[in-house]
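Accompanying notes for the structure given below.
Just so you know, all these numbers are worked out from the coordinates, no wet-lab data involved. The shown structure was predicted, so the numbers you read here are calculated from the model rather than taken from an experiment. FYI the Cβ positions are ideal-geometry reconstructions off the backbone, even for glycines, and counts take in every protein chain you see.
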Amino acid sequence: MVDRPSEAMSFPSFIGRRLISTRMMILLRTLLPSHLGPVGSLLRSLRQISLALASALLFLGLAPDSAEATPPAEPEKVWVGFYLNRLTAISQKDGTYSIDAWFWFRWKGDIDPTKTFELVNGRVDSVSPTEILDDNGFKYASIRVVATIFHVFDVQRYPLDDHKLTLAVEDSTNQAPLLKLLADEGSAMDPSVAIEGWKISFEGVSESEHSYPTTYGFRALGEDASKFSRLSFKLELRRAGKVVSLLKLFWVSFLALLLSVGACFVRANDLDARFGLGLGSIFAASANTIAVSAELPSTPILTLAEQINMVTVLTIFVTIFVSIRSLRYMYTGQEERASQLD
């Protein structure tokens, strides 16, 4: 994921210089036969010294090809656009949703961003093939992407929750000094995009430089972090019909609460009816609590839905304790106090 810095010696260049040094040694051995006596020994000593100097110069990069890698004056610019076709499979429990969208790229130069782009907070499931076209002096390419995006949903106000979603795009190979991503004009969302129970809107694009606190083990960078240019495409999800959502989710709990309160109007000595209503209400509220929990991720906070269910169950238990106390008054001959308690 991290490129070697341009000023560092590349491995192919190092191999080439070693080959040159080896060829020079073979040539000198051919030109200097070993039967020249003392003169030949002197020449061979001079030959070894010259070979050592030549190898050192080649290794240190003083050969002509050492100037071939120079840092760019400014990063190459790539304009990126986004058009959302579909948004599906929203799962607050799993923290995922799926998109079907077009991304397009406009640039100049040798870098091909269609081969190195990535969704930082997602997994690309499929990419359509593309070709590079000329667009008034710019290179242009568009790709259709189907991807699974990962997002931590804030469910504290569930089922009255709204969410801001982000699609983060970076180049997986070229760091910020080499490539800069810019928002192109025309990014939008198809008017037909809809999902049951939600209102979806496109909120724009932001540009930033994201820093990773690691060099991924490449020490020649000489820094403690790796920086990449990032584009963030923003969407907003808002609950549609929040009152209706509350009624659909908690109508069983509300009914159980009414039945438990209604039990207080039954005579205290009518045990079957009075306690049957209370216990049935507890089971109904508990079942609704389990159903709501199945829709939510594991979280240390109490969501609004869980608070409503807890208050409902607690109220039902209070009505049962009232029934027990009222029955005790009836057994001790305090019917008037039992009626007042009810």
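Just to be sure I follow: if Rg is taken over the C-alpha atoms of the range 121-259 and Rh is the Kirkwood radius over the same atoms, what is Rg/Rh?
Numbers: Rg = 21.3 Å, Rh = 19.1 Å.
So for the range 121-259, dividing Rg by the Kirkwood Rh gives 1.12.
Among 132-144, 109-121, 92-104, what's the highest-first ranking by average C-beta atoms within 10 angstrom per residue?
Numbers: 132-144: 12.8, 109-121: 16.3, 92-104: 18.1.
Result, highest mean Cβ count within 10 Å first: 92-104, 109-121, 132-144.
Looking only at Cα atoms, what is the convex hull volume of the range 76-203 per residue, in Å³?
Convex hull of Cα atoms, per residue: 120 Å³.
Find how much the distance from VAL244 to LYS227 grows on full extension, using 0.36 nm per residue of separation minus their present alpha carbon separation; answer in nm with one decimal. Each step should come with its number before you reach the end.
Working: separation 17, 0.36 × 17 = 6.12 nm, distance 4.65 nm.
Result for the pair: 1.5 nm of gain on full extension.
Going 7 Å from the Cα of GLU196 along its beta-carbon direction, which residues of the range 85-102 have the amide nitrogen within less than 15 Å of the resulting point?
Answer for this model: 88-91.
Identify the residues of the range 169-185 with backbone N under 11 Å of a label point that sits 7 angstrom from the Cα of GLU209 along the Cα-to-Cβ direction, or state none.
Residues 176-180 qualify, since their backbone N sits under 11 Å from the label point.
Once you have all Cα-Cα distances for the range 205-342, histogram them in 10 Å bins from zero and send the whole-percent values.
Values per bin, smallest distances first: 10, 24, 18, 14, 11, 8, 7, 5, 1, 0.
Using the beta-carbon distance between THR130 and ALA294 and R0 = 51 Å, what value does 1/(1 + (r/R0)^6) give for FRET efficiency, to the nearest 0.05?
Efficiency, from the Cβ-Cβ distance: 0.80.
Using Cα positions and a limit of under 15 Å, work out the aspartates and glutamates in reach of LYS199, with same-chain residues fewer than 8 apart set aside.
ASP161, ASP162, ASP190, GLU236
Please give, to one decimal in nm, the separation of the simple spin-label points placed at GLU74 and ASP270, each 7 Å out from Cα toward the Cβ.
8.6
What distance in nm lies between label points placed 7 Å from Cα along the C-beta direction at TYR216 and GLU185?
Roughly 3.5 nm, to one decimal.
Please state the equivalent ellipsoid semi-axes for the range 230-310: what are the square roots of 5 times the Cα gyration tensor eigenvalues, largest first, in whole Å?
Ellipsoid semi-axes (Å, largest first): 37, 13, 8.
Between PHE150 and LEU279, take the C-beta separation as r, use R0 = 35 Å, and let me know the FRET efficiency to the nearest 0.05. Walk me through the numbers on the way to the answer.
Details: r = 43 Å, r/R0 = 1.23.
Result of the calculation: an efficiency of 0.25.
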